[in-house]
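Derivation of every value follows stated rules applied to the coordinates shown; laboratory data play no part. The structure presented is a predicted model; accordingly, all values stated were derived computationally and were not measured. Quick reminder, even Gly has a Cβ in these numbers, built from the backbone with ideal geometry, and neighbours come from all protein chains shown.
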Amino acid sequence: MESTKLCVILRAALLLFLLEAPSVPASLRSAGVLTAAFEPKPALLRTVTSDRRHFIDASTKDVLVMKGPNVVVKGPPWFPAVSGDSICNDTPFASCTTFNKHDAKHIKDMGWNTIRLGVTWAGAQPTSEQKLDEDWLAKLHAILDLCPAWLDVVVPNSWTDHRHRFLSNL
């Protein structure tokens with residue numbers, strides 16, 4: 001599978017997720033706030049499909065089994081930093097604050113091909129301003145930019161633990 005194509009497709013899926021999220025006010029969607037935050041990318045052929053039971057690599061027709069860890073920060077700064085020169089060794093008592101190329105390579109070396117990336121609206125729009133937080137977007141793209149070199153799939157996952165913070169900003 002060509003990782004770059006899949007990562008671009010998943011980046012587009014994340015944009016669609018943000019545009020269609022039920023908690024996003026229509027005023028944000030219609031004002032173009034979200035689309036302005038992402039530069040348009042050229043359309044690519046869909047490389048992952050589904051037979052309603054499995055994800056399928058469209059080029060090989062093989063079942064794509066996604067396995068890997070969660071990468072989530074449930075509070076400011078909402079994403080881990082991509083800095084560092086060693087792997088994260090989190091424990092039940094301490095979580096990682098970084099996710100870097102060494103972590104991505106370690107995940108691949110363990111035979112995994114995926115991360116489930118926690119995406120929180122409280123981080124995307126921390127104030128009542130009708131725009132996405134630029135620092136949040138930069139951190140999101142920094143993590144997504146690691147994908148083609150090391151991992152096949154980044155699955156954006158809406159973490160709703162902090163939904164109350166977003167709703168209080170309306």
Order by protection proxy (mean Cβ within 10 Å, highest first), peptides 140-152, 116-128: 116-128, 140-152
Length-normalised contact order of the range 66-154 in % [C-alpha pairs under 8 Å, at least 6 apart]: 36 percent
Column: log10 I(q)/I(0), Debye, Cα scatterers of the range 66-154, q = 0.23, 0.26 Å⁻¹: -1.17, -1.40
